[in-house]
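Each remark here refers to the structure printed beneath this line.
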Amino acid sequence: MRCPLESDQTAELVIAYGAGTLDPDATAAFERHMKCCDACREAGTMQRVVWAALDQWRDVVVSAIMDRTRAVEFR
């Protein structure tokens, strides 16, 4: 595999890897490449960390009273 950092596919490949949306062959190829490329290993690892954090994100419920209060403050 040619290093994705040397091509225009870097962002798409690394983000898809982190999201777990790469097809199995592309995932295997990128993981083999990461074994010998520190920069790609770091990028791939950091994307996995980001996606794991996003998976744990929970929406915060805002009360209707707070919405009305904020609307008044900004007028």
- Task: Please state which of the following conditions Pro24 fails to meet, knowing it meets all the rest: (1) surrounded by 10 or more Cβ atoms within 10 Å (Cβ to Cβ); (2) modelled with pLDDT of 90 or more; (3) not acidic (Asp, Glu).
- Result: (1)
- Looking at this structure, is Leu13 surrounded by 10 or more Cβ atoms within 10 Å (Cβ to Cβ), modelled with pLDDT of 85 or more and not in a helix (DSSP H, G or I)? no
- Query: How many residues does the stretch 18-67 hold that are closer than 16 Å to Cys3 by Cα and hydroxyl-bearing (Ser, Thr, Tyr)?
  - Reply: 2
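The values are calculated or read from the model by the stated rules, or taken from the named source; none is laboratory data. For clarity, every value in this text was computed on a predicted model and none was experimentally measured. Counting neighbours? That spans all protein chains shown, and the Cβs are built from the backbone with ideal geometry, glycine included.
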